[in-house]
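The values are calculated or read from the model by the stated rules, or taken from the named source; none is laboratory data. Please read these numbers as outputs of a predicted model, since none were measured by experiment. Here the Cβ is made from the backbone with ideal geometry for all residues, glycine too, and neighbour counts use every protein chain on show.
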Amino acid sequence: MPSHRSAPIRHLAAAVLVLGFPCAGASQESSADYTEPYQQRALDIYRTLIGMRTAAGEDQVPAAAAYLADVFREGGFPSEDVHVLPLTTEEGEEVASLVVRYRGDGSSGAKPILLTAHLDVVDALPEDWERSPFALVEEDGYFFGRGTSDDKFGVAQLTATFLRFKDEGFVPTRDLVLAFSGDEESGMETAQALVGAHRALTDAEFALNADAGGGTLGPDGSPLTYLVQTSEKTYATFELTVTNPGGHSSMPRSDNAIYELAGVLKRLESYRFPVQVNDATRAYFEASAPIVGGRVGEAMARLATDPTDEDAAGVLWHEPAEVGMTRTTCIATMLRGGHAENALPQSATATVNCRIFPGVSVEEVRSVIQEVAANPSLKIRTLGHPVESPTSPVRQDVLNAVAAGVARIRPGTPLIPYQAPYGTDGIHYRRAGIPTYGVMGLFMKDADRFEHGLNERVPVRGFYDALEFWPVVLRRLAGRASTS
Ligand SMILES: [Zn+2]
């Protein structure tokens, strides 16, 4: 369901393009260059996971969870700390999540850290792909395959990091708990169960989500920014319906469902929800302004200091990659109406998809739409079960640890907290009172982002870099001073 990361940072890459960096081909990395046993084991796990078609309707998620449970037990984790948690979804599908506890010595006195990712993928049709989506293919310095980025990357990285820590005899000062959900791309029911029915297994001071955040490379392959996702907008979809008695089209009535709905949509088109700024978007605009530069950069800087600056908000209104950072947005996405070419329409319905600023309720947005529509006969129906989630406070200990991890692989990259215009399992963890930070260890170019799409890929270097990123981050947060 959610799409990931890249939208708000398109500008940064564009800015670099404008500045005219050479588009030199980066030197091609090959997995054959990475010969350490922990690197090879990580690649094996990644390859096995990509080979499983864990899309909705394919019934492969329980097998993926069982496979990883075996990997952890063979890697030295006691059975009582490895939990496969089956779940039957509302749609009747058998899925599963996996929880693995890495026991610490408790010396920090702190609650555990939750580390999250998801086992499922958006489906891919093999006939549409140039290479098989369900086999890891290495070519031209990239790993191709469904889930190479979203999110078997995160699963393989966290799994490999736990196994490596175990081999090294690392004893954290607090428990580290892995939680891999099984239906993030569809219902997110496993995430809800992880922090609901299974809360005793997953309770934590905060969570690091390996399914969001991460670094962006410019067209020349040099690092631009690293985003830490601290909040997500709420996803809600409404159906707006106007009904009418209808009749014969040779005898038109003065009221008409299609015309009325058109009027409603035109009013909605010109309505702008109020501009809002929170810690995450302020930090994002402050840090992005000098990099983006120009008129858009100036508007970002002004909005960061004064959310009431209507001129600045007006500039960003015309920027698709930025407007969602400034306010709640609602947009018409689908339309249907009428039943025969020679009949007056008895109903007309528009689908309106909203991305709601954290702190604003779904009900509030629905009543704004009703008011803006200015049509008392309009019926509004909320689709599904939208989930509202709070923002997570910007935590300096987390930012410092992530900064150390980033410095290890891409020194000098600025860290930017940000709010995602999409949703991940993180909304459920935040809603359950576990502050959640999206900190995927992957750097890539915007031009290489094909999550949910065809020919999903990640750079080979990005995979091996992330293996060095996670241990630094986790040792900072859960290691003794001497080991961090
Ligand atoms: Zn994902």
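Looking across the range 98-149, just one residue is among the β-branched types (Val, Ile, Thr), buried (at least 24 other Cβ atoms within 10 Å of the Cβ) and not in a strand (DSSP E or B), and that is Thr148. Scanning the range 31-63 for residues that are within 24 Å of Arg103 (Cβ to Cβ) and in contact with a strand residue (DSSP E or B) (Cβ under 8 Å, 6 or more places away or on another chain) returns no hits.
Which residues, taken from the range 457-484, are touching a strand residue (DSSP E or B) at 6+ places or on another chain (Cβ under 7 Å) and not in a helix (DSSP H, G or I)? Across the range 457-484, the qualifying residues are Arg457, Val458, Pro459. With respect to being at pLDDT 95 or above, buried (at least 24 other Cβ atoms within 10 Å of the Cβ) and within 15 Å of the ligand (Cβ to nearest atom), Ala160 falls outside the description. Taking the range 202-216 as the range and being among the hydrophobic types (A, V, I, L, M, F, W, C) and either over 21 Å from Tyr284 (Cα atoms) or surrounded by fewer than 24 Cβ atoms within 10 Å (Cβ to Cβ) (or both) as the test, the residues that pass are Ala204, Phe206. From the list Glu319, Glu286, Glu310, Glu298, the one residue that fits, being over 27 Å from the mean Cα position of the chain (by Cα) and under 19 Å from Phe357 (Cβ atoms), is Glu310. All of Thr89, Thr116 fail the test of being more than 16 Å from the ligand (Cβ to nearest atom) and closer than 22 Å to Gly423 by Cβ, apart from Thr89. Condition first: among the hydroxyl-bearing types (Ser, Thr, Tyr), in the same structural domain as Arg395 (by TED's automatic domain parsing), more than 15 Å from Ala64 (Cβ to Cβ) and away from the ligand (no atom under 16 Å from the Cβ). Can you find one or more residues in the range 205-222 that meet it? Among the residues of the range 205-222, at least one is among the hydroxyl-bearing types (Ser, Thr, Tyr), in the same structural domain as Arg395 (by TED's automatic domain parsing), more than 15 Å from Ala64 (Cβ to Cβ) and away from the ligand (no atom under 16 Å from the Cβ), which makes the answer yes.
Of all the listed residues (Val360, Val387, Val394, Val368), the sole one being assigned to a helix (DSSP H, G or I) and either touching a residue at least 40 places away in the same chain (Cβ under 8 Å) or within 20 Å of the chain's Cα centre (by Cα) (or both) is Val368. Where helices (runs of 4 or more DSSP H) sit wholly within the range 255-318, those with at least 1 residues that are aromatic (Phe, Trp, Tyr) and touching a Phe, Trp or Tyr at 6+ places or on another chain (Cβ under 7 Å) occupy 279-292. Modelled with pLDDT of 95 or more, buried (at least 16 other Cβ atoms within 10 Å of the Cβ), outside the structural domain of Ile427 (by TED's automatic domain parsing) and on the phi < 0 side of the Ramachandran plot: is that true of Ala289 in this structure? Judged against the criteria, Ala289 is not a match.
The residues of the range 75-92 that are in contact with a helix residue (DSSP H, G or I) (Cβ under 9 Å, 6 or more places away or on another chain), in a helix (DSSP H, G or I) and acidic (Asp, Glu) amount to a single one, Asp81.
Taking the criterion of being within 22 Å of Arg327 (Cβ to Cβ) and either surrounded by 19 or more Cβ atoms within 10 Å (Cβ to Cβ) or among the basic types (Lys, Arg) (or both), the residues of the range 389-422 that qualify are Ser389, Thr391, Ser392, Ile416, Pro417, Tyr418, Gln419, Ala420, Pro421.
Looking at this structure, is Phe180 more than 13 Å from the ligand (Cβ to nearest atom) and of a type in the set (Phe, Trp, Tyr)? For Phe180, the condition - more than 13 Å from the ligand (Cβ to nearest atom) and of a type in the set (Phe, Trp, Tyr) - is not met. Looking only at residues of the range 416-450 that are at pLDDT 90 or above, part of a loop (DSSP other than H, G, I, E, B) and of a type in the set (Gly, Ala, Ser), we find that the one that is nearest to Gln229 (Cα to Cα) is Gly441.
Has the range 95-109 got at least one residue that is at pLDDT below 95 and either within 24 Å of the chain's Cα centre (by Cα) or away from the ligand (no atom under 16 Å from the Cβ) (or both)? No, the range 95-109 contains no residue that is at pLDDT below 95 and either within 24 Å of the chain's Cα centre (by Cα) or away from the ligand (no atom under 16 Å from the Cβ) (or both).
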